[in-house]
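Notes for the one structure printed next.
The values are calculated or read from the model by the stated rules, or taken from the named source; none is laboratory data. What you see is a predicted model, and the numbers here were worked out from it, not measured in a lab. Cβ coordinates were reconstructed from backbone atoms using ideal geometry, including for glycine residues, and neighbour counts include every protein chain displayed. Protein only, heavy atoms only, side chains kept; ligands, DNA and RNA dropped before computing areas. Shrake-Rupley method; radii C 1.70, N 1.55, O 1.52, S 1.80 Å.
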Amino acid sequence: MGFLGIFVLLIGLGPEPEVLLTDATAVSGIRWKHGAGSPGKTNIREQIGSGVALLDYDRDGWLDIYLLTGPSAGPSNSPGNRLYRNNGDGTFSDVTESAGVGHRGWSMGACAGDYDGDGNLDLYVTNLGPNRLYRNNGDGTFTEAAQRAGVSCPRFSTGSAFADYDGDGDLDLFVANYVAVEHTDPSRKDRVCNYYGLRVGCGPRGLKGAPDFLYRNNGDGTFTDVSQAAGVADAAMHYGLGVIWTDIDNDADLDLFVANDRTPNYLYLNDGRGRFEESGLLSGVAVGWDGQTQACMGVDIGDVDADGNPDIVVTNFSREYNAVYKSTAGNLFSDLSPQIGLGRPSFPFVAWGTQFLDIDSDGDQDLFVANGHTYPQVEERDWDERYAQRNQLFLNTGSGRFQELVAAGPGLALARSSRGAAFGDLDNDGDVDVVVNNVDDSPTILRNDTPRRGNWLTVRLVGRSPNEPAIGARVTAVIRDRKLTREVRSGGSYLSQNDLRLHFGLGPAERLDRLLVRWPDGREQVLVDVPVDRFLTVTRAAE
């Protein structure tokens, strides 16, 4: 080989990466590409992109991928939404046509849940125009049932999520809406705005917003609109995007956070009697640290410092920063992004999908953010803002502070205009992988090949009918004096659906002292001396 060749080989080896994310898109067999209208993105519907859903629709133990899109600019008009079945060997097969879920139009997001209590995961898809509710028939096919169920919502819908907000056992549905549909009509002259001297398509400011909807499950396959009665109808008609349910105040009922673009966020506290009190401003999560509204898009809730209190991350536009609202006391939060290392690194990026996740299984919750600009016109200027942007991974240092990890393999170095991101274990190897939906491009499948990860435990809950997926359950892993908490959630991130199984990174711990499960109905179950490095199914104990 010669001295020079050996030298180059040794240099190429380099140090082993702390985290390794491999771009596995090419080997996956997925050749689909997202579409989002015209190249110039002059209409608001072309700018906000689409989400992605990870769900085991056929109950074979492997996560499948559902990709959403709008029409493309080419002659094919729309690639259509596509469902890819996981073959269990790193590849996926397109089963869209046989499954009956190939909607063609402007699709925005999706969430999963068993709305009819038959044990199969159903799929709700938000659109510009009537939404779709795909009822899982349990044989690999779906039946579209939105109109019959009363949840078609013919508006500009974005974030959605199932949850049992009223504690009656079945899953209800919340749907956020963005702007009035007439403002996306292509027959209207496209509005032009100024972005630091560039002529670009306008964002939502100045447009009429649209109300949000809460649908209560009637228990017979239909829903009733209770938005007004429940106090979540959004009378101010803010521009809703990200949606997440969680028990923010630890009173055993589910509260609701809605990330609103350029308008104050909502935090709806559940009173346990079917109504909500909006507490965004009082709680400190409606606006940024300076009292200004931000372009809030994606959202997740985790516990960054393992103090037992929920913290909220909201992704924002460039020249802002991604806000982390740290729980301080009761229902009070403080925007502490700059203090914990997340302020300056996010400043030049337009951020969308996100999740707190333990990427290296060391026991601390890290943070992934999918980035991509809305304005292709920024390429005309020599700025630090680009249309195609790399995604970001922030490692938790163990004290609730974060440090950006740029060198994490070729997968993280890719530059795209990303939007939705979903998180789950695609290859069932015990760590969290990532699927990102990119505007006018192929998705990115990031396989987690981290070489020296900690121990782990992945928990799958089996609740009782009609909520067998146990959406709304909370699980806490106890290791000596440390507690790690996860929740089973429908929806989240940016218009996306994550793995319903719960991943716990455990670092060097070889066993759990206890695993505490609080089921959606409030019943608690305790497992002791739990082994690690395995998938654990926990079934709700009989009364």
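Every condition in (1) part of a loop (DSSP other than H, G, I, E, B); (2) crowded, with 23+ Cβ neighbours inside 10 Å; (3) of a type in the set (A, V, I, L, M, F, W, C); (4) modelled with pLDDT of 95 or more holds for I65 except the one numbered (1). The sole residue among D521, D513 that is assigned to a strand (DSSP E or B) and over 30 Å from N316 (Cα atoms) is D513. The residue that is farthest from the chain's Cα centre (by Cα), among those in segment 238-262 that are assigned to a loop (DSSP other than H, G, I, E, B) and without any contact (Cβ under 8 Å) to a residue 40 or more places away in the chain, is D251. When the residues of segment 498-543 are filtered to those that are touching a strand residue (DSSP E or B) at 6+ places or on another chain (Cβ under 7 Å), open to solvent by 80 Å² or more (accessible area, probe 1.4 Å) and among the acidic types (D, E), which remaining residue is nearest to D358 (Cα to Cα)? Step by step, filter segment 498-543, then rank; the result is E510. Out of (1) touching a residue at least 60 places away in the same chain (Cβ under 8 Å); (2) within 23 Å of G159 (Cβ to Cβ), the odd one out for D94 is which? (2) is the only condition that D94 fails. For L500, the requirement of being touching a Pro at 6+ places or on another chain (Cβ under 9 Å) and more than 26 Å from Q392 (Cα to Cα) is not met.
On the stretch given as segment 25-55, residues that are part of a loop (DSSP other than H, G, I, E, B), open to solvent by less than 10 Å² (accessible area, probe 1.4 Å) and of a type in the set (A, V, I, L, M, F, W, C) total 3. Among residues of segment 403-417 that are more than 17 Å from E385 (Cβ to Cβ), those with a beta-carbon under 6 Å from a residue that is open to solvent by 50 Å² or more (accessible area, probe 1.4 Å) and part of a strand (DSSP E or B) at least six positions away or on a different chain give the pairs P410/D23; G411/D23.
The strands (runs of 3 or more DSSP E) found entirely in segment 117-231 that carry 3 or more residues being of a type outside the set (A, V, I, L, M, F, W, C) and crowded, with 16+ Cβ neighbours inside 10 Å are 122-129, 132-136, 155-163, 213-217. Residues in segment 368-385 that are over 26 Å from I312 (Cα atoms) and open to solvent by less than 80 Å² (accessible area, probe 1.4 Å) were compared, and the one that is nearest to the chain's Cα centre (by Cα) is Y375. Exactly one residue out of S78, S98 is open to solvent by less than 10 Å² (accessible area, probe 1.4 Å), over 24 Å from D23 (Cα atoms) and not in a strand (DSSP E or B), and it is S78.
Of the residues R191, R216, the single one that is in contact with a Phe, Trp or Tyr (Cβ under 8 Å, 6 or more places away or on another chain) and among the basic types (K, R) is R216. Applying a threshold of 6 Å to beta carbon distances and a minimum spacing of six or more residues, or different chains, the list of pairs starting in segment 263-279 at a residue that is under 25 Å from R205 (Cβ atoms) and ending at one that is part of a loop (DSSP other than H, G, I, E, B) and open to solvent by 20 Å² or more (accessible area, probe 1.4 Å) reads T263/H238; T263/T293; P264/V287; P264/T293. One residue stands out among those in segment 373-399 that are in contact with a strand residue (DSSP E or B) (Cβ under 6 Å, 6 or more places away or on another chain) and among the hydrophobic types (A, V, I, L, M, F, W, C): the one that is nearest to P531 (Cα to Cα), which is L395. When you scan segment 25-41, do you find a residue that is of a type in the set (A, V, I, L, M) and within 30 Å of G454 (Cα to Cα), even just one? So far as segment 25-41 goes, yes, one or more of its residues are of a type in the set (A, V, I, L, M) and within 30 Å of G454 (Cα to Cα).
In segment 400-426, which residue that is under 19 Å from the mean Cα position of the chain (by Cα) and among the charged types (D, E, K, R) is nearest to P531 (Cα to Cα)? In this case the residue turns out to be D425. Could you please let me know if P71 is touching a Pro at 6+ places or on another chain (Cβ under 7 Å) and either within 29 Å of S152 (Cβ to Cβ) or modelled with pLDDT under 95 (or both)? It is false that P71 is touching a Pro at 6+ places or on another chain (Cβ under 7 Å) and either within 29 Å of S152 (Cβ to Cβ) or modelled with pLDDT under 95 (or both).
Scan segment 297-343 for residues that are of a type in the set (G, A, S), at negative phi and surrounded by 18 or more Cβ atoms within 10 Å (Cβ to Cβ) and report the count. Total satisfying the criteria: 7.
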